[in-house]
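The values are calculated or read from the model by the stated rules, or taken from the named source; none is laboratory data. These numbers come from a predicted model, not from an experiment. We place every Cβ from the backbone using ideal geometry, glycine too, and count neighbours over all the protein chains shown. Just the protein is used for accessible areas: all its heavy atoms, side chains included, with ligands, DNA and RNA removed. Shrake-Rupley method; radii C 1.70, N 1.55, O 1.52, S 1.80 Å.
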Amino acid sequence: MVVGVTVGFVFAAERRQLILEMVRANGAVSLRELARVVQTSEVTVRRDVRALEAEGLLDRRHGGAVLPGGFTRESGFPQKSHLATAEKTAIADLAASFVEEGEAVVVGAGTTTQELARRLARVPGLTVVTNSLLVAQALAHANRVEVVMTGGTLRGSNYALVGSGAEQSLHGLRVTRAFLSGSGLTAERGLSTSNMLSASVDRALVQAAAEVVVLADHTKLGTDTMFQTVPTDVITRLVTDEPPSHDDRAATELQALADQGVHISVAGPGAGAPAGAVPGPEQVPQQQRRRDVPPLPGQRRTHHPHPPGAQPQGGGGAPSAPQLRSAGSLGGEPPTARVADLAPRRR
């Protein structure tokens, strides 16, 4: 689907050439997607990727392959929209269940946050501040959702507003939480992206929020890109999908993030709710409900970018947001969710 070809039986050399072309076209591709396109097993694809890595043609990453050189380049929106689609749907379904009526949130640019926006369209009384044209478009026809866009210069590759205009319009803003995505996530550096302007705006979005929620599928775990956007100690929660059983490195990265105090919610497998639906915990099928990895108590700093009691005031004439809930509201557990605690490793 990423490359748009139909593949029958192919020899190993032809299969590896196709894998290489997919990685070159998209920057990063999951093993699951590679196996689907070349119509073979993930075990075979993993063997092909190892062979290509030995030739210096690509690098292996957690559950996928990327361009060689350590830091992945940023793919364009058309390529990223076809990557890990089922995972993004499950992540968006779960993330939407944390949002309540009357909240004010900021939503950054990205294909996963676009999926989230489609599910936020039915949350009454919601105010969404965003620099993403795609997020705004997803909410454009929502009757009871107010959308506030930043200023800035349009960056066409991901349909986002960036630059000093976007950053200045966020000054003085105060919202409950920020939902952000990125190109990579590690326990050592936190969330990162490949573009300097996007990173700068994401940092401004973080400063506007009492809590920071990162949306990242398992293929981004352990991937490090050039510009840090959110340090690990500022991330309140990570919403991700269940890594494949063979992906030990992704599981290790999740454990490391939990050990540093990040509350991790893992969306289980399943098809997800239809676009635009906002599933509450009681509406999420049992196989899709999350398991949570709570942070270690007393190990992280509380993120308070603004004085307590400050009211949201969007720069550039943005309307004031509804009354905000307390910053600690995200830690509460929906009553029907399944919770599995992942204990930190002893050092």
Members of the range 147-169 found to be assigned to a strand (DSSP E or B) and modelled with pLDDT under 95, listed by number: THR153, LEU154, ARG155, ALA160, LEU161, VAL162
May I ask you to list the residues in the range 172-197 that are in contact with a helix residue (DSSP H, G or I) (Cβ under 8 Å, 6 or more places away or on another chain) and over 16 Å from THR229 (Cα atoms)? THR176
Residues (in contact with a Pro (Cβ under 9 Å, 6 or more places away or on another chain) and open to solvent by 30 Å² or more (accessible area, probe 1.4 Å)) located in the range 240-252: GLU242, ARG249, ALA251
Go through the range 182-191 and give me each residue that's open to solvent by 10 Å² or more (accessible area, probe 1.4 Å) and assigned to a loop (DSSP other than H, G, I, E, B). GLY182, SER183, GLU188, ARG189
With the structure loaded, tell me whether PRO78 is surrounded by fewer than 17 Cβ atoms within 10 Å (Cβ to Cβ), in contact with a strand residue (DSSP E or B) (Cβ under 6 Å, 6 or more places away or on another chain) and modelled with pLDDT under 80 or whether it fails that test. no
Can you confirm whether VAL206 is assigned to a loop (DSSP other than H, G, I, E, B) and among the hydrophobic types (A, V, I, L, M, F, W, C)? no
Taking the range 122-157, which residues are among the basic types (Lys, Arg) and open to solvent by less than 50 Å² (accessible area, probe 1.4 Å)? ARG155
Applying the selection to the range 36-57, what residues are open to solvent by less than 10 Å² (accessible area, probe 1.4 Å) and closer than 18 Å to ALA250 by Cβ? VAL45, VAL49
Of the residues that make up the range 158-167, is at least one open to solvent by 30 Å² or more (accessible area, probe 1.4 Å) and touching a Leu at 6+ places or on another chain (Cβ under 8 Å)? yes
Scan the range 12-40 residue by residue and report those that are over 26 Å from ALA216 (Cβ atoms) and free of Cβ contacts under 8 Å to residues at least 12 places away in the same chain. ALA13, GLU14, GLN17
Search the range 139-150 for residues that are hydroxyl-bearing (Ser, Thr, Tyr) and pair each with any residue that is modelled with pLDDT under 95 and not in a strand (DSSP E or B) when their beta-carbon atoms are under 6 Å apart and the residues are at least 6 apart or on different chains. THR150/ALA166; THR150/SER169
Keeping to the range 199-227, report how many residues are touching a His at 6+ places or on another chain (Cβ under 9 Å) and open to solvent by less than 30 Å² (accessible area, probe 1.4 Å). 11
